[in-house]
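Student: First, the structure itself, so that you have it in front of you.
The values are calculated or read from the model by the stated rules, or taken from the named source; none is laboratory data. A quick note: this is a predicted structure, and the numbers were derived from the prediction, not measured. Note that each Cβ is placed from the backbone with ideal geometry, even for glycine, and that neighbours are counted across all protein chains shown. The accessibility values were calculated without ligands, DNA or RNA, using every heavy atom of the protein model including side chains. Shrake-Rupley method; radii C 1.70, N 1.55, O 1.52, S 1.80 Å.
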Amino acid sequence: MEIDGIQIKKAASVGAGVIGYSYALKFAMAGLEVWAQNRTEESSKLARQRVATSLDSLVKNGVYTADEAGEITARIHYTTSISEAVTGAQFIQESSAEHYEVKWELVKAIEAASEPDAIIASSTSGLLVTEIAKNAEHPERFCGGHPYNPPHLIPLVEITKGEKTSEETVERAKAFYTAIGMEPVVLQKEALGFICNRLQMALYREVANLVLSGVCTIEDADKAVTFGPGIRWGIMGPSLVFELGGGKGGVSGLMNHLNDSINLWLEDMADWKSFPPEFAQVAQDGVNAELAARPAETGNTPESLAEYRDHMLIELLKLHKKL
């Protein structure tokens, strides 16, 4: 594939764990040759198993034939060498442990072997790109590329900029992710938790508040989201939903019309700055009860729930023409 005049044939996934293996798979699904790097052969063996399991699911759900899955598998190469992984790669995705010290060492090793025009994107979910790249020789080519798990299925990727990230890097990263079938969004400035983690945690704070206040159970809160706003959010974002909900007045009409009521709701909603510690067990007990009440075909164990999630994601992505 060609991005801004640069032919991209090889990508690297440095740290092919839960996120990194999935990124490697996504790159290979887009037709790229991919080098997936792990620190040990044992970790690489686990990455191979995860790739095989994910491709089996895609075949089972009619996305690929067995032969096509074999071709994708053949495009992923495994190594314990950072140098081998990144040499000649035009795009490098780093998905290592969430510690600055670990990432600083990786940045040094990646820069020592990578091409001078290679884009280096970090999958970090909470660290600042500015800090990750602070010791880099070329911090302008570093950006964040935070995915939603699993990235080979969920298209969203949040691109974050450090203080020295160039606009050229952001545009090239955006073009690359778009070319492989992802949906990039760009943060105009660094923010803890980025966009989606903040949105989902704001919602979950109110779930906790409703459950702890005795308004509903964990199961009913999940049902309310799944079969209420969640089913619409799988089609379009909340502002577009409200645009339709406002009729001729659009989103502004809806907000103006409901302003007084909305303010009453907001006044009554949680505004905690930390979750009550007891909620962790309350949530777990609620989930256990919820799983026990679910039929097997929609997932009543963590394993079958993950299988059901992937099936539903694949079907939704087919409607979005993303698979």
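Student: Considering segment 19-48 alone, what residues qualify as being part of a loop (DSSP other than H, G, I, E, B) and either without any contact (Cβ under 8 Å) to a residue 40 or more places away in the chain or over 20 Å from Val107 (Cβ atoms) (or both)?
Tutor: Ala30, Gly31, Leu32, Thr40, listed by residue number.
Student: Against the conditions (1) among the hydrophobic types (A, V, I, L, M, F, W, C); (2) out of contact with any Asp or Glu (no Cβ under 8 Å at 6 or more places or on another chain); (3) under 29 Å from Glu42 (Cβ atoms), where does Ile120 fall short? Just the number, please.
Tutor: It is condition (2) that Ile120 fails.
Student: Continuing with the same structure: Being among the polar types (S, T, N, Q), open to solvent by 60 Å² or more (accessible area, probe 1.4 Å) and more than 20 Å from the chain's Cα centre (by Cα) narrows it down to one residue among Thr130, Thr53, Thr73; which is it? Give the derivation first.
Tutor: Working: Thr130 fails: open to solvent by 60 Å² or more (accessible area, probe 1.4 Å); Thr53 fails: more than 20 Å from the chain's Cα centre (by Cα).
Step by step, each of Thr130, Thr53, Thr73 is checked, and only Thr73 is among the polar types (S, T, N, Q), open to solvent by 60 Å² or more (accessible area, probe 1.4 Å) and more than 20 Å from the chain's Cα centre (by Cα).
Student: While we're on this one: Check Lys108 against each of (1) touching a helix residue (DSSP H, G or I) at 6+ places or on another chain (Cβ under 8 Å); (2) open to solvent by 40 Å² or more (accessible area, probe 1.4 Å) and name the one condition it does not meet.
Tutor: (1)
Student: Looking for something assigned to a strand (DSSP E or B), acidic (Asp, Glu) and modelled with pLDDT under 95 - is there at least one such residue anywhere in segment 2-18?
Tutor: Yes, there is a match, as at least one residue in segment 2-18 is assigned to a strand (DSSP E or B), acidic (Asp, Glu) and modelled with pLDDT under 95.
Student: Still on this model: Condition first: polar (S, T, N, Q), touching a Ser or Thr at 6+ places or on another chain (Cβ under 8 Å) and surrounded by 21 or more Cβ atoms within 10 Å (Cβ to Cβ). Now tell me which residues in segment 81-102 satisfy that. Lay out the reasoning, then the answer.
Tutor: Residues of segment 81-102 polar (S, T, N, Q): 81, 83, 87, 90, 93, 95-96.
From what is left, the residues that are touching a Ser or Thr at 6+ places or on another chain (Cβ under 8 Å) are 87, 93, 95.
Once the filter is applied, which keeps residues that are polar (S, T, N, Q), touching a Ser or Thr at 6+ places or on another chain (Cβ under 8 Å) and surrounded by 21 or more Cβ atoms within 10 Å (Cβ to Cβ), segment 81-102 yields Gln93, Ser95.
Student: Moving on to the next point. Could you grab me the full set of residues in segment 115-143 that are within 21 Å of Gln90 (Cα to Cα) and touching a residue at least 40 places away in the same chain (Cβ under 8 Å)?
Tutor: Asp117, Ile119, Ala121, Ser123, Val129
Student: Report, by residue number, each residue of segment 90-112 that is of a type in the set (S, T, N, Q) and touching an Asp or Glu at 6+ places or on another chain (Cβ under 7 Å).
Tutor: Hit for segment 90-112 is Gln90, nothing else.
Student: How about segment 148-165: which of its residues are more than 30 Å from Glu315 (Cβ to Cβ) and surrounded by 17 or more Cβ atoms within 10 Å (Cβ to Cβ)?
Tutor: Of all residues in segment 148-165, those more than 30 Å from Glu315 (Cβ to Cβ) come to 160-165.
Matches in segment 148-165: Thr160, Lys161, Gly162, Thr165.
Student: Another question, if that's okay. Which of the residues that make up segment 132-165 are of a type in the set (A, V, I, L, M), assigned to a loop (DSSP other than H, G, I, E, B) and more than 22 Å from Val51 (Cα to Cα)? Lay out the reasoning, then the answer.
Tutor: Initially, segment 132-165 is screened for residues of a type in the set (A, V, I, L, M), giving 132-133, 136, 153-154, 156-157, 159.
Now restrict to residues that are assigned to a loop (DSSP other than H, G, I, E, B): 133, 136, 153-154.
Matches in segment 132-165: Ala133, Ala136.
Student: Restricting to segment 3-22, name every residue that is open to solvent by 10 Å² or more (accessible area, probe 1.4 Å) and closer than 17 Å to Thr73 by Cβ.
Tutor: Lys10, Tyr21
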